[in-house]
Amino acid sequence: MQYITALIEMAGEDAKHVNMYVTVSLTAILVTLTQLPFPRLLGLALALRIVLALGVAVALSGTTLFFRYVQAIHRTRMGLVRCLASGDAKHARELWAGSMGVWARHRGQYMWGMRLTVTGHAFVAFAVTWLFLAG
């Protein structure tokens, strides 16, 4: 029972951690888009506007993948709770870390979420830096 409880707690901490990525990413995008003067954005060269739009789109795609990963964690936690009720530690381990566990099945969403979020924010940062340096 303690093992299953520990898995449930670990899944909750993992979900909180990834939810923080989602929150920070969305906040950064919203602050960037709402605080930059729109006329100055329109005054950017077409290539830089494309970089900014692409950065926002890529970062949002990464955030979406993170959100889907958190959904998978949530569904797994519900399965772990059912294991707690039955005392089936073997099945709980399989749900969390087995060959069909949450990480084995959804690792790509986490990894690509990280890659896309970082890449998208790098594009946005490049465009914003250009905007500031251009004066």
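The values are calculated or read from the model by the stated rules, or taken from the named source; none is laboratory data. Owing to the predicted nature of the structure, the values given are computational and were not obtained by experimental measurement. Every residue, glycine among them, receives a Cβ derived from its backbone with ideal geometry; neighbour counts consider all protein chains shown. For the accessible areas, the whole protein counts, side chains as well, though only heavy atoms, and no ligand, DNA or RNA atoms are used. Shrake-Rupley method; radii C 1.70, N 1.55, O 1.52, S 1.80 Å.
Annotations
- Residue separation of Q71 and L36 scaled by 0.36 nm, minus their Cα-Cα distance, works out to 9.3 nm of gained length.
- Helices of the chain meeting both criteria, an alpha-carbon length of 24 angstrom or more along the long axis and an average Kyte-Doolittle score not below -1.0, with helices taken as full DSSP H segments, are 2-35, 46-86, 102-134.
- Computed FRET value (nearest 0.05) for R107 with T27, which takes r as the C-beta separation and R₀ as 30 Å: 0.70
- Site pair M100 and I50 shows an inter-label distance of 4.6 nm when each label is modelled 7 Å from Cα along Cα→Cβ.
- In this structure, M20 and R93 have a Cβ-Cβ separation that, at R0 = 22 Å, corresponds to a calculated FRET efficiency of about 0.25.
- The ratio of the alpha-carbon radius of gyration of region 12-84 to the globular-protein estimate 2.2 N^0.38 Å is 1.54.
- The alpha carbon radius of gyration of the chain, expressed as a multiple of 2.2 N^0.38 Å, is 1.39.
- For region 1-71, the per residue solvent-accessible surface stands at 59 Å², with DNA, RNA and ligands left out and a 1.4 Å probe.
- Mean ellipticity per residue at 222 nm, deg cm²/dmol - from DSSP H runs of n ≥ 4 across the chain, formula -39500 (n - 2.57): -32000 deg cm²/dmol
- Most to least packed among 63-72, 124-133 [average Cβ atoms within 10 Å]: 63-72, 124-133
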